[in-house]
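What follows is a single structure, written as structure tokens, with notes after it.
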Amino acid sequence: MSDSNPAPSLYAAREPIFPRRVSGPFRNLKWLILIVTLGIYYVTPWFRWDRGPSLPDQAVLLDLANRRFYFFWIEIWPHEFYFVAGLLIMAGLGLFLFTSALGRVWCGYACPQTVWTDLFILVERWIEGDRNARLRLHRQKKMDFRKARLRVTKWTAWFLIGLATGGAWVFYFADAPTLLRDLVTGNAHPVAYTTMLILTATTFFFGGFAREQICIYACPWPRIQAAMMDEDTLVVGYREWRGEPRGKGKRQADSDLGDCIDCMACVNVCPVGIDIRDGQQLECITCALCIDACDDMMAKVGKPRGLIDYMALSDEGRERAGEPPKSVWKHIFRARTILYTSLWSLVGFGLLFALFIRSDIDLTVAPVRNPTFVTMSDGSIRNTYDVRLRNKHGEDRLFKLTLAGDPALKLEIEGTQIDTVNVTADTAQLTRVYVVASKDTGPAGADATPVRIWVEDLVSGERAYKDTTFNGRGN
């Protein structure tokens with residue numbers, strides 16, 4: 001291609017978006033969700049929960065050093081990671097369910113990127129003013145004292161929000177009051193400072209400068225959501241058959257103009273800068289702020305609300321013909337959403353069942369395979385097992401080990417003549433166990449004999465077992 005006809009650029013520079021303040025039921029709902037979600041995030045690490053003298057008293061704690069996850073009265077051990085996997089599956093199914101019913105409602109109301117961006121825009125509006133004032137400041141080329149003061153004030157506030165965000169995150173991984181003291185005095189681990197620095201920088205950049213770019217380019221969900229939606233999904237849309245032809249000016253009773261007065265209110269409040277009147281677009285996060293803005297304008301010009309509203313594609317023909325749309329509940333409760341709800345509930349009930357039936361004691365048995373068995377000097381056969389005993393109680397417990405199977409086999413614990421082991425509170429203790437078959441009374445007729453090792457909590461009476469195999473013969 002010649003220099004006179006250069007190839008078009010595949011990259012378009014970002015045009016900053018300055019959403020206008022709007023009020024209405026959807027904006028109020030977003031404020032409520034913002035307050036609740038940020039409150040949960042920032043406050044949760046400071047909740048206390050008494051678990052006993054040997055356990056942490058933080059209600060929610062990801063104790064990576066000791067490989068524990070504490071959530072109020074629930075304690076998840078490493079071998080119980082299926083609980084975490086189940087919760088992730090439930091989160092995925094929940095996202096599919098909400099998207100199938102209401103489009104990108106998660107993105108518009110509860111996604112962390114949306115919540116923190118809303119907070120950053122609120123701070124920006126407090127400092128620099130509403131849309132028109134921020135536009136004038138942006139278009140001002142000269143950096144005078146006022147512009148510099150406003151910019152520095154805004155960036156400082158953003159930085160403090162980012163710092164609080166990174167700080168709150170690290171408090172989930174250590175005792176919050178202790179870690180706060182160590183952070184302030186400079187005695188915290190470098191990993192804590194590094195994590196806070198990274199999260200502060202990403203929050204500052206994503207919420208302050210990238211904003212809708214994260215939703216449009218970095219997040220994969222806009223490209224996946226189409227598979228979760230169908231013609232009955234309720235999404236934010238524009239009733240073109242009612243609004244067109246749009247036009248400004250005084251409305252007359254016999255005017256052939258539609259209800260849309262082309263005031264651009266829906267565009268000016270949009271946090272991703274699109275015009276919903278152009279139809280459904282990948283960038284739309286279904287935040288419904290355009291509904292609030294349009295309803296407000298319709299009220300001012302004496303027109304009914306709903307020019308922009310939550311609607312389904314399947315209702316378009318009915319509405320064009322002047323018929324009322326189907327009930328909202330008929331759109332929400334249909335085969336796809338019922339399937340997602342059933343799967344979500346099934347996983348949830350399964351996790352609850354597993355949580356309630358799990359024991360406070362547990363064991364794993366690992367036969368020592370090198371060698372498989374040992375022939376002792378007196379002719380007896382001995383197998384060795386590494387038994388890991390888990391005491392999930394908040395106090396030390398005495399565990400008794402017994403053997404079930406061939407009565408000719410005897411169980412011995414290394415280093416003691418008794419059949420009990422004292423297991424420290426909230427630990428998994430490794431114990432070496434021997435199963436011995438004497439020369440005269442050992443099992444015969446098979447090279448491998450099934451056996452069962454039992455453990456009993458002598459305080460509570462709880463029992464657990466694991467099946468294993470005894471190798472070799474005693475005669």
For this session: Within region 430-444, identify whether any single residue is part of a loop (DSSP other than H, G, I, E, B), of a type in the set (Lys, Arg) and loosely packed, with under 15 Cβ neighbours inside 10 Å, and answer yes or no.
Result: yes
Exercise. Residues in region 318-370 that are aliphatic (A, V, I, L, M) and under 30 Å from residue 78 (Cα atoms): how many?
Worked result: 13
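Quick grid of which residues meet (1) surrounded by fewer than 19 Cβ atoms within 10 Å (Cβ to Cβ); (2) outside the structural domain of residue 328 (by TED's automatic domain parsing):
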{"site": "221", "(1), (2)": "yes, yes"}
{"site": "245", "(1), (2)": "yes, no"}
{"site": "269", "(1), (2)": "no, no"}
{"site": "281", "(1), (2)": "yes, no"}
{"site": "285", "(1), (2)": "no, no"}
{"site": "305", "(1), (2)": "yes, no"}
Problem set entry | Selection count where residues are surrounded by 15 or more Cβ atoms within 10 Å (Cβ to Cβ) and either of a type in the set (Phe, Trp, Tyr) or part of a loop (DSSP other than H, G, I, E, B) (or both), scope region 106-129 | 7
Exercise. Since residue 94 meets every condition but one in (1) among the small types (Gly, Ala, Ser); (2) over 30 Å from residue 230 (Cβ atoms); (3) surrounded by fewer than 18 Cβ atoms within 10 Å (Cβ to Cβ), which condition does it not meet?
Worked result: (2)
For this session: Output the qualifying pairs, or none if there are none: Cβ atoms under 6 angstrom, residues six or more apart or on different chains, first residue in region 190-204 and among the hydroxyl-bearing types (Ser, Thr, Tyr), second residue in a helix (DSSP H, G or I) and surrounded by 13 or more Cβ atoms within 10 Å (Cβ to Cβ).
Result: 195/170; 200/162; 200/163; 200/166; 203/162; 203/165
For this session: Look at residue 61 and say whether it is part of a helix (DSSP H, G or I) and not charged (D, E, K, R).
Result: no
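The values are calculated or read from the model by the stated rules, or taken from the named source; none is laboratory data. Keep in mind that this is a model prediction, so the values were computed, not measured. Here the Cβ is made from the backbone with ideal geometry for all residues, glycine too, and neighbour counts use every protein chain on show.
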